[in-house]
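Input: one structure, supplied below.
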Ligand SMILES: [Zn+2]
């Protein structure tokens, strides 16, 4: 008998779209980008384009 672990949390992982602040499911994100070794996820290609054009503008620090 196999014990399948119920991964309750894996489906609930979310990320914040740094451009518009929307909550994005990384698995279903319309676009993603990596900046300084961190992955960012976006609700749309439009937000991804805005971010990649000027990442520092959206990453406070
Ligand atoms: Zn967005």
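Readers should treat all values here as calculations from the given coordinates under stated rules, not as data from a laboratory. Everything numeric in this text was worked out from a predicted model, so none of it was measured. Positions of Cβ are generated from backbone atoms using ideal geometry, with glycine treated the same way; all protein chains shown enter the neighbour counts.
What distance in nm lies between label points placed 7 Å from Cα along the C-beta direction at residue 35 and residue 4?
3.9 nm
Taking the number of other C-beta atoms within 10 Å as the exposure measure, put 24, 19 in order starting with the fewest.
Values: 24 23, 19 18.
Ranked by crowding around the Cβ, least crowded first: 19, 24.
Among 54, 17, which comes first, second and so on when ranked by fewest other beta-carbon atoms within 10 Å?
Lowest count first: 54, 17.
Would you mind ranking 58, 35 by Cβ crowding within 10 Å, fewest neighbours first? Don't skip to the answer; put the middle values down first.
Details: 58 17, 35 14.
Ordered by Cβ neighbours within 10 Å, fewest first: 35, 58.
Evaluate the distance, in nm, between pseudo-label points positioned 7 Å from the Cα of residue 28 and of residue 45 along their respective Cα→Cβ axes.
Reported label-point gap for residue 28 and residue 45 is 2.0 nm.
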